[in-house]
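S.K.: Below is a structure I'd like to ask you about.
The values are calculated or read from the model by the stated rules, or taken from the named source; none is laboratory data. Predicted model only: the values in this text are computed from it and were never measured. Every residue, glycine as well, gets a Cβ built from its backbone with ideal geometry; the counts of neighbours run over all protein chains shown.
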Amino acid sequence: MNLRLALAQLNPTVGAIGANLQQLKDAYHSAEQAQCSIIAFGELSITGYPPEDLLLKPRFIADQRAALLEFAASTTSCVAVVGVVDSDGERLFNAAAVCADGRVQHIYRKRSLPNYSVFDEKRYFTPGTEPLQLIGVNGIPVGISICEDIWVDDGPHVDLVASGAEILVSINGSPYHLDKDAEREALIADRASQLGIPICYVNQVGGQDELVFDGGSFVVDHSGELLGRAPLFTESLLITDVEIQHRESRVEPSISLGGNAAPIHADNPVLPIAESMSGDDELYEALVLGTRDYCRKNGFSDVVIGLSGGIDSTLVACVAVDALGADHVHGVAMPSRYSSDHSLTDAEALANNLGVDMRTISIEPAFAAYMEMLDPSFAGRQPGLTWENVQSRCRGQILMALSNEFGWMVLTTGNKSEAAVGYFTIYGDSVGGYAVIKDLLKLKVYDLCRLVNERAGKEVIPNNVIVKPPSAELRPDQRDDQSLPPYEVLDPILSLYVEHDRTAQDIIDAGHDPEMVSRITRLVDIAEYKRRQSPPGVRVTQKAFGKDRRVPITNGYR
C-alpha cells in the first residue's frame, strides 16, 4: 500500500501572517491537484521561524490563530500538518496542527525545546506533555513530531512507533551551517532504519536576519534509503509516493481521516532526488540566499558597495549580483592619497565583468578638510591610527549619503577574521545594513573568489585581486601583515578560540605559539564592544558573531 504525500518547502517571512497563509493555501491546492493524501509544512509556518519576541504580543498570537482557522476551513480530504503557535491561555506551545475536512482535527505540541546555539525556545514555549496520538490517513497510522523531537535519541518518535505508527512526519525550522544537510540526512536515515518505518522530513527555506534555512526536505524509506529530496536553497513542493509496509499487529489510529489506501499505480510521479551540495558551493549559495532575502524581505531592491579592488569587497559584489541582479548593485570607488593605481583598475575591471553600475568619488577633499579642522587639536602629535580611521569614516559617510538619497542598502565588506581581532573602523568600514561575509574567515574568502571564477569558466574576478597582498591602503605601502599575523597563522587560532570555544591555554597546548596566541586572543576580547555595533550578516558556521556567540563586553576572564 502507499501514501502519496507532499512536503511544502516554503520561504515564509516572519510576522507576515497574511502572506504566509496565502503560501500555505497555494501549496495545499497544488497538493490536492496532485491527489496527495497528506501535505506537511515547516515549523511555525504561519508565523515564520523564529518569531522571537513577537510571541510576547497577545495580539500576534490571536492573529496567527485566526489565520490557522481560516486555513483549516479551506481544507478538504487532503490532510495538512501545519506548524503553529498553540496557547492554553497562559502558556505558549510550539505545535503542529492537523487540518482536514474544514477544521483543525488535532494539535501536537513539541516536546523537546532546543535552547543552545541560535535557539532560544525555552524563553517562549512550554514543552508538550499530552499523550501521543496517531493520525490515520487513508487508514495508515501517521506519527507527527517537530524538529528537535527527532534529534533526541529517546524522543517521541520512539513512542509513536511503539504505539503503531507506520510512517513519521517531522516538520522543521532547521537553520543552515556548513554541511548541515548531510548531517540531517544521516540522522534521519539512521532513525528510519532503527525504527523500521519511512520518515518524511520537511524544512523551510530562506533567509531570516542572520539565519539561512537551506530546505533540503527529503523522504527515506523503512531502511533509511533516500526516496526523494528537494533542492537546497530553493522553494519546492516535493511530491512522493511512499510504500507502507503494514505491521503485523495493526493499531487503530486515534483520529481517522481520508478514505482508503490505494495500491501504487504505474503512473506514480518519479521520485525526484535533487542534487546535493557541499563545501564551498554550499557556502556560496547560502550567502546568496541570505543576502537576497534580507534585502527583499526588508523592502530593498538595490544595494551599494564600496569597491576597493580588494578581495573582500570583490566577493561581496559577486554575491550581491547573484542575489539581486547586476542592475540592482552599485559600486563606489573612493580613492585617497594612499590608494594604489591597481586598486582602482581592479575595481573597474570587476564592475565591468559583473555589469554593475560604478562611480568614483574621491575622499581627498573630505579627508583634507578633517585634517585642517583637527590640526589645531592634534598639534605636535605624529600622524597615526586616528588619520587612518578618519579616512575609513569618510568612506562610510559617502556610502550612507548614497543610501539615504537613493534608498540603496549599504552592504559592508568585513570578514570574520577582521571582525574577530577588531581590524576594522567602527562607524567607518563597518557602516551598513548587512554584512554578507561576516561569518567567513579570510582564507575562505579567497576560496570563494576562486570558486566564482571556476563556476564562470573565466576571469570574472581579476587574478590580481586574488594574488596581491591584502591592504587597507590607509597609509603609504600598508599591508595587512604589518598589523596582523599571516592569515594562515591567524585563521586557525581564531577558529579554535571563536568557533570552538577553546581557551588561550588550550590553543597553546595544541601546539600554537604562546606569544601569538596571547596576542590574538587579547585582540578578540577587547574588540567585543565594536562587534556589538556591527550590522547583522549571514551565518554559515556553527558559531557566528551575533546570535551564536554571546560573550560579555565587560569581561575579566582571560
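S.K.: Among (1) under 28 Å from ASP179 (Cα atoms); (2) in a helix (DSSP H, G or I); (3) touching a Phe, Trp or Tyr at 6+ places or on another chain (Cβ under 9 Å), which single condition is VAL540 missing?
M.R.: Going through the list (1) under 28 Å from ASP179 (Cα atoms); (2) in a helix (DSSP H, G or I); (3) touching a Phe, Trp or Tyr at 6+ places or on another chain (Cβ under 9 Å), VAL540 breaks only (2).
S.K.: Being aliphatic (A, V, I, L, M), buried (at least 23 other Cβ atoms within 10 Å of the Cβ) and not assigned by TED's automatic domain parsing to the domain that holds ILE520 narrows it down to one of ALA349, ALA368, ALA317, ALA379, so name that one.
M.R.: Exactly one residue qualifies, and that residue is ALA317.
S.K.: Quick one: is CYS99 without any contact (Cβ under 8 Å) to a residue 40 or more places away in the chain, crowded, with 23+ Cβ neighbours inside 10 Å, assigned by TED's automatic domain parsing to the domain that holds CYS147 and more than 13 Å from VAL14 (Cβ to Cβ)? I'd like the intermediate steps shown before the answer.
M.R.: Numbers: without any contact (Cβ under 8 Å) to a residue 40 or more places away in the chain: yes; crowded, with 23+ Cβ neighbours inside 10 Å: yes; assigned by TED's automatic domain parsing to the domain that holds CYS147: yes; more than 13 Å from VAL14 (Cβ to Cβ): yes.
The answer is yes for CYS99.
S.K.: Within the set of pairs 6 or more residues apart or between chains, which connect a residue that is of a type in the set (Asp, Glu) inside the range 198-212 to a residue that is not in a strand (DSSP E or B) with Cβ atoms less than 6 Å apart?
M.R.: Pairs that qualify, where the first residue is of a type in the set (Asp, Glu) and the partner is not in a strand (DSSP E or B), are ASP209/PRO536; GLU210/PRO536; GLU210/ARG539; GLU210/GLY546; GLU210/LYS547.
S.K.: I've got another one for you. Kindly establish whether ASP120 is in the same structural domain as ALA40 (by TED's automatic domain parsing), in contact (Cβ under 8 Å) with a residue 24 or more places away in the chain and among the acidic types (Asp, Glu).
M.R.: yes
S.K.: A further question on this structure: Report yes if ASP477 is modelled with pLDDT under 95, in the same structural domain as ILE311 (by TED's automatic domain parsing) and surrounded by fewer than 12 Cβ atoms within 10 Å (Cβ to Cβ), otherwise no.
M.R.: So ASP477 passes the test.
S.K.: Okay, moving on. Let me confirm something: among SER145, SER217, which residue is of a type outside the set (A, V, I, L, M, F, W, C), outside the structural domain of LEU324 (by TED's automatic domain parsing) and either surrounded by fewer than 23 Cβ atoms within 10 Å (Cβ to Cβ) or closer than 19 Å to PRO272 by Cβ (or both)?
M.R.: The match here is SER217.
S.K.: Let me ask something else about it. Could you count how many residues in the range 533-558 are at positive phi and surrounded by fewer than 15 Cβ atoms within 10 Å (Cβ to Cβ)? Before you say what the answer is, go through the steps one by one.
M.R.: Within the range 533-558, the first condition is being at positive phi, and the residues that meet it are 546.
Filter again for surrounded by fewer than 15 Cβ atoms within 10 Å (Cβ to Cβ), leaving none.
Number of matching residues: 0.
S.K.: On to the next question. Mind listing whichever residues of the range 63-83 are small (Gly, Ala, Ser), surrounded by fewer than 17 Cβ atoms within 10 Å (Cβ to Cβ) and modelled with pLDDT of 95 or more? Before the answer, list the steps.
M.R.: In the first step, residues of the range 63-83 are kept if they are small (Gly, Ala, Ser); the result is 66-67, 72-74, 77, 80, 83.
Now narrow it down to the ones that are surrounded by fewer than 17 Cβ atoms within 10 Å (Cβ to Cβ): 66, 73-74, 77.
Residues satisfying the conditions are ALA66, ALA73, SER74.
S.K.: Among what's in the range 331-374 and is in contact with a strand residue (DSSP E or B) (Cβ under 6 Å, 6 or more places away or on another chain) and part of a helix (DSSP H, G or I), pick the residue that is nearest to MET409 (Cα to Cα).
M.R.: Checked the range 331-374; the qualifying residue nearest to MET409 (Cα to Cα) is ALA351.
S.K.: Select, from ASP513, ASP548, the only residue that is out of contact with any Leu (no Cβ under 9 Å at 6 or more places or on another chain), in contact (Cβ under 8 Å) with a residue 40 or more places away in the chain and outside the structural domain of ASP179 (by TED's automatic domain parsing). Please lay out each step first, then the result.
M.R.: Working: ASP513 fails: in contact (Cβ under 8 Å) with a residue 40 or more places away in the chain.
Only one candidate passes the filter, namely ASP548.
S.K.: Restricting attention to the range 161-171, which residues are surrounded by fewer than 24 Cβ atoms within 10 Å (Cβ to Cβ) and either not polar (S, T, N, Q) or not assigned by TED's automatic domain parsing to the domain that holds PRO198 (or both)?
M.R.: Residues satisfying the conditions are VAL161, ALA162, GLY164.
S.K.: Next question. Tell me which residues, restricted to the range 157-214, are over 20 Å from the mean Cα position of the chain (by Cα), over 20 Å from ILE140 (Cα atoms) and among the hydrophobic types (A, V, I, L, M, F, W, C).
M.R.: ALA186, LEU187, ILE188, ALA189
S.K.: Still on this model: Exactly one of (1) modelled with pLDDT under 95; (2) of a type in the set (Asp, Glu); (3) crowded, with 21+ Cβ neighbours inside 10 Å is unmet by ASP86. Its number?
M.R.: Of everything listed in (1) modelled with pLDDT under 95; (2) of a type in the set (Asp, Glu); (3) crowded, with 21+ Cβ neighbours inside 10 Å, ASP86 misses just condition (1).
S.K.: Still on this structure, I have one more. I'm trying to understand the selection: among the residues of the range 123-173, which are touching a residue at least 12 places away in the same chain (Cβ under 8 Å), closer than 21 Å to LEU187 by Cβ and among the small types (Gly, Ala, Ser)?
M.R.: GLY143, SER145, GLY155, ALA165, SER170, GLY173
S.K.: When you look at SER377, is it at negative phi, of a type in the set (Ser, Thr, Tyr), assigned to a helix (DSSP H, G or I) and at pLDDT below 90, yes or no? Reasoning before the result, please.
M.R.: Working: at negative phi: yes; of a type in the set (Ser, Thr, Tyr): yes; assigned to a helix (DSSP H, G or I): yes; at pLDDT below 90: no.
No, not satisfied.
S.K.: Here's another thing I want to ask about it. Tell me yes or no: at least one residue of the range 54-63 is in the same structural domain as SER217 (by TED's automatic domain parsing), under 21 Å from GLN208 (Cα atoms) and in contact with a strand residue (DSSP E or B) (Cβ under 7 Å, 6 or more places away or on another chain).
M.R.: From the range 54-63, those in the same structural domain as SER217 (by TED's automatic domain parsing) are 54-63; that's our starting set.
Going one step further and asking which of them are under 21 Å from GLN208 (Cα atoms), we end up with 54-57, 60-61, 63.
Next, only the ones that are in contact with a strand residue (DSSP E or B) (Cβ under 7 Å, 6 or more places away or on another chain) stay: 55, 61.
Among the residues of the range 54-63, at least one is in the same structural domain as SER217 (by TED's automatic domain parsing), under 21 Å from GLN208 (Cα atoms) and in contact with a strand residue (DSSP E or B) (Cβ under 7 Å, 6 or more places away or on another chain), which makes the answer yes.
S.K.: Against the definition (part of a strand (DSSP E or B), at pLDDT below 95 and over 18 Å from SER145 (Cα atoms)), how does GLY228 come out, yes or no? Spell out how you get there, then give the answer.
M.R.: Working: part of a strand (DSSP E or B): yes; at pLDDT below 95: yes; over 18 Å from SER145 (Cα atoms): yes.
Answer is yes for this residue.
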